[in-house]
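Bear in mind that the values in this text are calculations on the coordinates, not laboratory data. Since the structure is predicted, the reported quantities are computational estimates derived from the model, not experimental observations. Please note: Cβ atoms are built from the backbone with ideal geometry, for glycine as well, and neighbour counts cover all protein chains shown.
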Amino acid sequence: MDPKLEAELTAHDVSDEKFVDALFRHILRRPPDEEARVRALAKLSEGTLSRATLIQELTTSEESARVRELDDAVALGLGARARSERICWLQASAGTDERVVEIPWVLSRLRASGRVLEVGYAFAETAYLGALLRSGVELVGVDLATRDVEGMEAVAADVRTLPFPERSFDQVLLVSTLEHIGADNTVYGLDAESDGDARVEALRELKRVLRTDGSLLVTVPLGEPGDHGWFRQEDERGWNELFARADFFVEESEAYELRDDGWHAAPAFRPEGVRYGERGPAASAA
């Protein structure tokens, strides 16, 4: 059979129901919500919407743009990891949040094997969590909140009092989580706190469960120091003081700043005037 004709027939082999469900999962990485599913099926049935147009609608949506941002970040990080390359000097588009630089930075430094603890997994980006699950490490997640994650040991616990023996992990991941510890986390359905020492207590507890040759990968919002209620922002000096108080040696650090033309490495970063949410949807630097 003519290859193009075969492809055309194959494209219509499945029912509209299966097509819509699969399309949402592939393009938006989620099942369709009921309203969108009913609308799509009705229009496909009456002929006022084609499958090609539905594909276009989904791929040009803002939600799809976010999926692409995170997918690109994951691909970049895992690709570098496969080459044993610790990527630096990342760049990303304007109008994006700090995940687009945090995720590839962390994934490129993810161990090739071993036992890895992901702190704050319950609210982690799905693309990032999926990358960890595909990475081949023995993954354990800890959080005060819960999330159904197949393929990972999930533990409900306070990071300040972990239920693990000493030296249990080869690596700990703390992606945009440290700043929330001891803060008002009611936005996440958790209790409100205002404990200024909580972050140091958490770091000391993570030091306890890390093996002597283990590593801690941390990303945090950067800029003018300030208490925002649900998180605390520090400048580089402030964060480094916290690590020092917990007896961590900072082997490597890199600052990124969101400018008018996007995210760039900022080796001479100055925190003055760099405030959360003023340059983009979230942190102005990380």
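Structure notes:
- Of all DSSP beta bridges confined to the stretch 173-286, the antiparallel ones make up roughly 65%.
- In this structure the amide hydrogen of Leu222, modeled in the peptide plane, comes within under 5 Å of the amide hydrogens of Ser284, Ala285, Ala286, none closer than 5 places in sequence on its chain.
- With both residues required to sit in the chain, DSSP beta bridges show an antiparallel share near 30%.
- Mean residue ellipticity at 222 nm, helices only, the chain: -10500 deg cm²/dmol; runs of at least 4 DSSP H residues each add -39,500 (n - 2.57), and the sum is divided by the number of residues.
- For the stretch 108-214, share of DSSP beta bridges that run antiparallel, in % to the nearest 5: 5 percent
- log₁₀ of I(q)/I(0) at q = 0.29 Å⁻¹ - the stretch 3-60, Debye sum with one point per alpha carbon: -1.33
- Around the Cα centre of the chain, unit charges on the Cβ atoms of Lys, Arg, Asp and Glu (plus for the first two, minus for the last two) sum to a dipole of about 680 debye.
- Average projected area [Cα convex hull, the stretch 113-155], square nanometres: 2.6 nm²
- When you work out D = kT/(6 pi eta Rh) for the stretch 149-284 at 20 °C and 1.002 mPa s, using the Kirkwood radius from C-alpha pairs as Rh and the Stokes-Einstein form, the result is 132 µm²/s.
- Note on the chain: Kirkwood radius taken over Cα pairs, Stokes-Einstein applied at 37 °C and 0.692 mPa s, translational D equal to 157 µm² s⁻¹.
- Relative contact order, whole percent, for the stretch 3-60 stands at 29, derived from Cα pairs under 8 Å and 6 or more residues apart.
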